[in-house]
Amino acid sequence: MSKQFFLSFVTGCALCLVLGLTAACGGSTDAGANAANAASDSADSASSGAPEAASSSGVQAAKAQGTIETKYFKTVLPEGWSVAADDIERMGLMTVSKDGTASQESVYFKFEGGGNFSGDPMQLISKFAGSYDGTPAESVTINGIDWARTSYTYNGLDQTLMITNHDGYKFTFTIMGDGYEESPGVKAILDGLELI
């Protein structure tokens, strides 16, 4: 499988997942009308070698240093993990995956709300948990960030959805595979997470 195909596939899957989660959590899906075009644009940019695709949020330079830094957040990029899809500038979405897991162990960062989000993360998580047979919504604090959280199984894969409100943005953090307690990589990413 070519790297271009893999990146296109991962980007497409991530966008579909996030758009589905957005709708389930009561968010607007107006941006979803162009999701297929956005995924295609990302793949086209990657195949054309356009520099903005590789460094649209400075991820390429930061990656070598073991960190990820965007206009929304910065965190640790654990050894053995890589940025699989970076569309943080256009879609507010980034996917980071453990190498060699075919995205079976990944985290998705999603920012939305344009600085105007005032929703209640606990209500959103409760609604989502009810729709996807998730665990009861709970409040957790990790590295000083208060999250609403639920765990569930989707397409046979264990996942955890966490939402917080930061400076008018709804920040959604989705974990596929082992969660915070089980995965050293996910733990490093969350323990090092700083919202900007």
Region 94-141, residues that are of a type in the set (S, T, N, Q), touching a residue at least 40 places away in the same chain (Cβ under 8 Å) and closer than 25 Å to residue 71 by Cα = 95, 97, 103, 106, 116, 118
Within region 168-180, can one find any residue that is in a strand (DSSP E or B), within 17 Å of the chain's Cα centre (by Cα), polar (S, T, N, Q) and crowded, with 16+ Cβ neighbours inside 10 Å?
-> yes
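Name the one entry in 145, 163 that is in contact with a Ser or Thr (Cβ under 7 Å, 6 or more places away or on another chain), surrounded by fewer than 18 Cβ atoms within 10 Å (Cβ to Cβ), hydrophobic (A, V, I, L, M, F, W, C) and modelled with pLDDT of 95 or more.
145
Looking at region 155-178, which of its residues are over 21 Å from residue 194 (Cβ atoms), touching a Gly at 6+ places or on another chain (Cβ under 9 Å) and without any contact (Cβ under 8 Å) to a residue 40 or more places away in the chain?
Of region 155-178, the ones over 21 Å from residue 194 (Cβ atoms) are 155-159, 176-178.
Applying the additional criterion that residues be touching a Gly at 6+ places or on another chain (Cβ under 9 Å) yields 157-159, 178.
The answer is 158, 159.
How many residues are outside any strand (DSSP E or B) and either polar (S, T, N, Q) or crowded, with 19+ Cβ neighbours inside 10 Å (or both) if we restrict to region 100-142? Steps first, answer last, please.
Taking region 100-142 first, the residues outside any strand (DSSP E or B) are 100-105, 113-137.
Subsequent filtering for residues that are either polar (S, T, N, Q) or crowded, with 19+ Cβ neighbours inside 10 Å (or both) retains 101, 103-105, 116, 118, 121, 123-126, 128-129, 131, 134-135, 137.
Summing the residues that are outside any strand (DSSP E or B) and either polar (S, T, N, Q) or crowded, with 19+ Cβ neighbours inside 10 Å (or both) in region 100-142 gives 17.
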Tell me, yes or no, whether region 62-69 has at least one residue that is surrounded by fewer than 17 Cβ atoms within 10 Å (Cβ to Cβ), at pLDDT 50 or above and among the hydrophobic types (A, V, I, L, M, F, W, C).
-> no
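The values are calculated or read from the model by the stated rules, or taken from the named source; none is laboratory data. What you are looking at is a predicted structure, and each value in this text was computed from that prediction instead of being measured. Glycine gets a Cβ as well: all are built from the backbone with ideal geometry, and neighbour counts include every protein chain shown.
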